[in-house]
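Data first, discussion second: the structure below is written as structure tokens.
The values are calculated or read from the model by the stated rules, or taken from the named source; none is laboratory data. Bear in mind that the values here come from a model prediction, so they are computed numbers and not experimental data. Note: ideal-geometry Cβ built from the backbone for every residue, glycine included; neighbour counts use all protein chains shown. To get the accessible areas, we keep the full protein, side chains included, count just its heavy atoms, and leave off ligands, DNA and RNA. Shrake-Rupley method; radii C 1.70, N 1.55, O 1.52, S 1.80 Å.
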Amino acid sequence: MPRVELQALPPAEAVEHFRSKGFALGFSWQDIWEGEHARAFTVAKAMRLDLLEDIRQAVDRAIAEGTTLDRFREELEPILRAKGWWGRRERVDPQTGARSLVQLGSPRRLKTIFQVNMRTSYAAGRWARITRLAATRPFLRYVAVLDSRTRPEHRTWHGTVLPVDHTWWNTHYPPNGWNCRC
């Protein structure tokens with residue numbers, strides 16, 4: 001019998017969600033707020049469209065190809081360094097005119113950009129699939145990681161099972177807050 005080799009498929013719904021986003025320039029993470037993040041790709045202090053496009057392309061590749069964080073950093077860091085968007089630099093906030101020393105690119109920032117965009121894109125993709133399959137899979141179960149970093153509130157939600165269309169999911173579908181891993 002011939003051997004069958006299966007190839008991993010990209011998470012189509014996650015890729016589609018990410019690619020549907022527009023761009024938003026913002027100096028501070030608070031400049032682009034809540035629901036806007038679902039519709040626009042943004043990185044605080046990446047105030048030039050070419051920088052934002054470079055970062056977005058790297059994130060897109062990571063989502064579509066299942067890139068690791070290490071590979072994401074290796075590919076993106078030299079591009080950002082070459083464009084002067086690395087390390088601590090003095091910048092002017094365009095809204096306030098205040099000058100301050102800010103953190104541009106760094107390993108920690110790249111990790112944040114990678115994780116936030118992977119988590120939210122995968123979550124949006126899963127939600128698209130969940131709603132599409134709700135007729136045959138009408139219930140969802142909340143699953144928390146349950147380790148020492150799990151928020152107490154998220155721990156109490158663990159194991160909750162409700163219909164897909166229950167209003168509870170409007171406020172509890174993950175990710176729930178900064179660095180939520182549920």
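What do you reckon, is G105 farther than 26 Å from A38 by Cα, open to solvent by less than 50 Å² (accessible area, probe 1.4 Å) and outside any strand (DSSP E or B)? Spelling it out, it is not the case that G105 is farther than 26 Å from A38 by Cα, open to solvent by less than 50 Å² (accessible area, probe 1.4 Å) and outside any strand (DSSP E or B). Number of residues in region 10-22 that are over 14 Å from the mean Cα position of the chain (by Cα) and of a type in the set (A, V, I, L, M, F, W, C) equals 1.
Applying a threshold of 7 Å to beta carbon distances and a minimum spacing of six or more residues, or different chains, the list of pairs starting in region 64-91 at a residue that is at pLDDT below 95 and ending at one that is outside any loop (DSSP other than H, G, I, E, B) and charged (D, E, K, R) reads T67/R61; E90/R99.
A single member of T160, T67 is of a type in the set (S, T, Y) and over 22 Å from T42 (Cα atoms), and it is T160. Considering region 151-182, the residues that are in a loop (DSSP other than H, G, I, E, B) and either farther than 14 Å from R119 by Cα or among the acidic types (D, E) (or both) include one that is most open to solvent (accessible area, probe 1.4 Å), namely D165.
For the condition within 29 Å of R109 (Cα to Cα) and free of Cβ contacts under 8 Å to residues at least 24 places away in the same chain, R155 qualifies.
The lone criterion from (1) buried (at least 17 other Cβ atoms within 10 Å of the Cβ); (2) of a type outside the set (A, V, I, L, M); (3) touching a helix residue (DSSP H, G or I) at 6+ places or on another chain (Cβ under 8 Å) left unmet by Q115 is number (1). When you look at T67, is it assigned to a loop (DSSP other than H, G, I, E, B) and either within 27 Å of S20 (Cβ to Cβ) or in contact with a helix residue (DSSP H, G or I) (Cβ under 8 Å, 6 or more places away or on another chain) (or both), yes or no? The answer is yes for T67.
Which of the residues spanning region 45-60 are open to solvent by less than 80 Å² (accessible area, probe 1.4 Å) and either within 25 Å of E90 (Cα to Cα) or more than 13 Å from the chain's Cα centre (by Cα) (or both)? Don't jump to the end; show me each part of the working.
Restricting attention to region 45-60, the residues satisfying the condition of being open to solvent by less than 80 Å² (accessible area, probe 1.4 Å) are 45-47, 50-56, 58-60.
Listed by number, the residues that qualify are K45, A46, M47, D50, L51, L52, E53, D54, I55, R56.
The single condition among (1) open to solvent by 80 Å² or more (accessible area, probe 1.4 Å); (2) closer than 14 Å to P174 by Cα that S148 does not satisfy is (2). Residue-level check: of (1) assigned to a helix (DSSP H, G or I); (2) of a type in the set (K, R); (3) more than 23 Å from C180 (Cα to Cα), R73 misses just (3). How do the pairs read when you match residues in region 159-175 that are among the acidic types (D, E) with residues anywhere that are modelled with pLDDT of 90 or more, using Cβ under 9 Å and keeping only pairs 6 or more apart or on different chains? Listed pairs, sorted by first residue: D165/T131; D165/A134; D165/P138. Close Cβ contacts (under 9 Å, 6 or more residues apart or on different chains) running from residues in region 27-44 that are exposed (fewer than 14 other Cβ atoms within 10 Å of the Cβ) to residues that are in a helix (DSSP H, G or I) comprise A38/H17; A38/T120; A38/A124.
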